[in-house]
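Written out below as structure tokens is the structure these notes cover.
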Amino acid sequence: MVAELGNFALVMALMMGILLSIYPMWGAYVNHSRMMAMAKPLAIGMFVFTVFAYACLTHGFITDDFSLAYVANTSNSTLPIYYKITAVWGGHEGSFLLWVLIFSTWTVAVALFSKAIPIKMVARVLSILGMVAIGFYLFMLLTSNPFDRLLPFFPIDGKDLNPLLQDIGMIIHPPMLYMGYVGFSVAFAFAIAALISGQLDSTWARWSRPWTLAAWSFLTVGVALGSWWAYYELGWGGWWFWDPVENASFMPWLIGTALIHSLAVTEKRKVFKSWTVLLAISAFSLSLLGTFLVRSGVLVSVHSFASDPSRGLFILGLLVVIIGGSLALYAYRAPQLKGNGRYQLFSREVLLIGNNVFLSAATLVVLLGTLLPLVHKEIGMGSISIGAPFFNQMFTYLIVPFVLIMGIGPLSRWKSQSPQALYKQLLIAFALSVSAAVLVNASFEQSSYMATLGLVMSFWIVVTTIMEIRQRIEPQITSGKYSILQSLQKLTPSHWGMVSGHLGFAVTLIGIALVSAYNVERNVRMAPGDSVTLQGYEFVFKNVSEYSGPNFTADVGHVDVYQQGNKVASVAAEKRFYPVQRNVMTEAGIDSGFTRDLFVALGEQLKNGDWSLRIYVKPFINWIWLGAFIMAFGGVLSISDKRYRMTKIVHKSKANKTSNPTLAEQLS
Amino acid sequence: MKKIALYLIPLGLFLGLIIFLYQGLFSNPREHQSSLLEQPMPEFVLPDLMNIEQTYNEDVFLGKVTLLNVWGVWCITCAIELPYLKQLQGEGKHIVGLYFDQDMDPDFGIKTVARVQQEVTDKLSQLGNPYAFNIFDVKRDLSMDLGVTGAPETYLIDQQGKIRLHHIGDINPRVWKNKFAPVYDLLVAQ
């Protein structure tokens, strides 16, 4: 009964979506304010019905309603309650319900927090979101309805949630990732609304910036969590595998990063308008493409859901309509988008667009690497596979010029920058970063060129970022009006957002460089009492004990770690057996530290009673994820900037409608 | 007009991509077999299933026409084809088993080798042993290199160690007559 209500709520949400896509858009066309005003209640309605449907499905999980096919496939009566709640997104249908739930959340957020934006624009934006919603709700109702029943013959118990997903990382990873993916739909809708309206000044860029930053921050956290989850749950000791599904989340992130920078240029300098629109379309398109790749079974991956050509065909149809339609609109309108700002060859504008080029090139590399095996086969050249070495090599080539520009960009001026003025500063920055890198590198036993290169790049970003802050506050200090602290406080939150984003990137880069170069691993056969020494750490294998969890049994290997005779850590590496799915899972024992992780995975028991163990010492690996969180925090800081507080700024911005150029200067 | 053409590029690229994605939907991504035909056996060094101390490499196939049969005790279809393989062996065919265990995770298996050997001995004494010897694909590396999608699968390898045929599924008299016999007879005649 509850499930039928859920199904009904989904249909109602679809109806709301259909109305939302028609009335406000038509109202904006004929300038009918009451029709435009319908956008808000319709968006709220769509959200409320979707929440209700979601609650109904959750109810099905909590009450073990195995007459629902989806519940029977992804849950089990012995599953702990918190995993029952999160198992709602443990399979294709439910995770898609979460997808549309988050989509309707973004839609309702736009409806509620856009008071400062002209009603016509909001109506168009919401209408476009409504059109996208129609596709998603139809897809769910027609091809993957989570409320399908298995009546009259339903199983007594469920098949259980995939043990890989029974984990804290998996509880928060998909919602974060979807918040990011789906969030780009807002940037997309703003761009399309701007194209439709023909109102092609750069105001839409200002409106869409906070939304894009929010989506980007979520996506950053989501990708980082996914990588962290793969690190400790898969037990392979790696943190990024260039798996097609990882790539599918990484591509929107790369383009999203380009987009937040390009939006800044378009807003402040009114240039690169058509490029920014194209990026906004691409970011969402890549999110959709990711959905297609994951859910159609076109590519083989550890993540992919069961393949089903009819689903794939439906999503492909959606791609053609949504992406194809918007690109056609783009081709029709973009020629009218003319930048009216002027800039010289060496200026912040050009450096930013340079960075955009490298980010787009990186996206293209990932896209080609992911799809080439498919294309290669379809044109009859046989199967190939493209692995990590290809991606690693390409990214090493791309990141050097990228980081170079990333350092110079913030230091340079808009419009025009004389190279001579920066020359000395950059030379100092370069010398500083090289010496810092060499010093840090010297603390490791054998030094590696790649690690040195990575460290030089990281310190280059750090040094130039500090220089940029100094350059920014210098006039105020020399004028004698403010102290250093006061002038630092006068910097805008969005400026600190940039600083935080760039420093976060440097932190991630340090982590990647050091862990890639100095990671040590060993596979050993050990009997209880044996010890092995790795990088100055002595791992003593104490014993193996057994215990049973709610829905699994486990062997636990206890390992103590000593450094110079002092015990520094004690880790428990588990090997779990889940009887329902007959699956063996490793839960690695990890002692996390600021400068290193000690990682122990328990292998199989050998004939003579010994155990095989896999032991890693991973320097600075946590910095990879720490950096990602700092980047995301930068996004949050930027959003908190006053000029995005739309309800308050409404009167001011009307007063300043004539927009004197000094305002733009102040804001930058 | 020239300008519009420029802005049409993204649309064009996208539509091109769609064509491939559409085709991709209707082909099996796990299909690898065609690429291996006429290729030499991939390099490997793997132990004998029954005598772990002894190892084989790809040279073991030289000089003889061999049927390499991928199987496991957990595989039901394999059990069905075993008696027919036994019959083929009786007709003088050289059959080598490539054994992999399903419950064995590539890194962290739960079965001991002794138990696997016991299971295999039980199964073969019950249904007949067609194998000259069994190669134990411990980590399933060779199966991966061969593009094995499941079991049973059978490869026909010529005297030069080249793969000439690949069959997915069981071998029965019909499959043998239609698919294997023509190639096999030709190879033996050489």
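The values are calculated or read from the model by the stated rules, or taken from the named source; none is laboratory data. What you see is a predicted model, and the numbers here were worked out from it, not measured in a lab. We place every Cβ from the backbone using ideal geometry, glycine too, and count neighbours over all the protein chains shown.
Worth pointing out:
- Strands (runs of 3 or more DSSP E) lying entirely in the range B:1-73 (those with 3 or more residues that are modelled with pLDDT of 85 or more and more than 14 Å from every other protein chain (Cβ to nearest Cβ)): B:55-57, B:66-71
- When residues in the range A:136-149 are screened for being assigned to a loop (DSSP other than H, G, I, E, B) and buried (at least 16 other Cβ atoms within 10 Å of the Cβ), 4 of them pass.
- Residues being surrounded by 24 or more Cβ atoms within 10 Å (Cβ to Cβ) and more than 23 Å from the chain's Cα centre (by Cα) - total across the range A:161-201: 4
- Within the range A:599-647, the set of residues being touching a Ser or Thr at 6+ places or on another chain (Cβ under 7 Å), of a type in the set (Gly, Ala, Ser) and under 30 Å from A:THR212 (Cβ atoms) comprises A:GLY627, A:ALA628, A:ALA632, A:GLY634, A:GLY635, A:SER638.
- Reported count of residues in the range A:332-365, each being within 14 Å of chain B (Cβ to nearest Cβ) and part of a helix (DSSP H, G or I), is 8.
- Residue match in the range A:554-565 (condition: assigned to a strand (DSSP E or B), farther than 21 Å from A:TYR232 by Cα and among the β-branched types (Val, Ile, Thr)): no
- Top-ranked residue of the range A:585-607 - restricted to ones that are within 28 Å of B:ILE52 (Cβ to Cβ) and surrounded by fewer than 16 Cβ atoms within 10 Å (Cβ to Cβ), ranked as nearest to the other protein chains (Cβ to nearest Cβ): A:LYS607
- Among the candidates A:VAL507, A:VAL524, A:VAL532, residue that is surrounded by 18 or more Cβ atoms within 10 Å (Cβ to Cβ) and either assigned to a strand (DSSP E or B) or not assigned by TED's automatic domain parsing to the domain that holds A:GLU604 (or both): A:VAL507
- Within the range A:310-331, residues that are farther than 15 Å from B:GLY24 by Cβ and facing another protein chain (nearest Cβ under 7 Å) sit with their Cβ atoms under 7 Å from residues that are in a helix (DSSP H, G or I) and of a type in the set (S, T, N, Q), at 6+ positions apart or across chains, in these pairs: A:ILE323/A:SER285.
- Only residues that are part of a strand (DSSP E or B) and surrounded by 13 or more Cβ atoms within 10 Å (Cβ to Cβ) were counted in the range A:535-550, giving 7.
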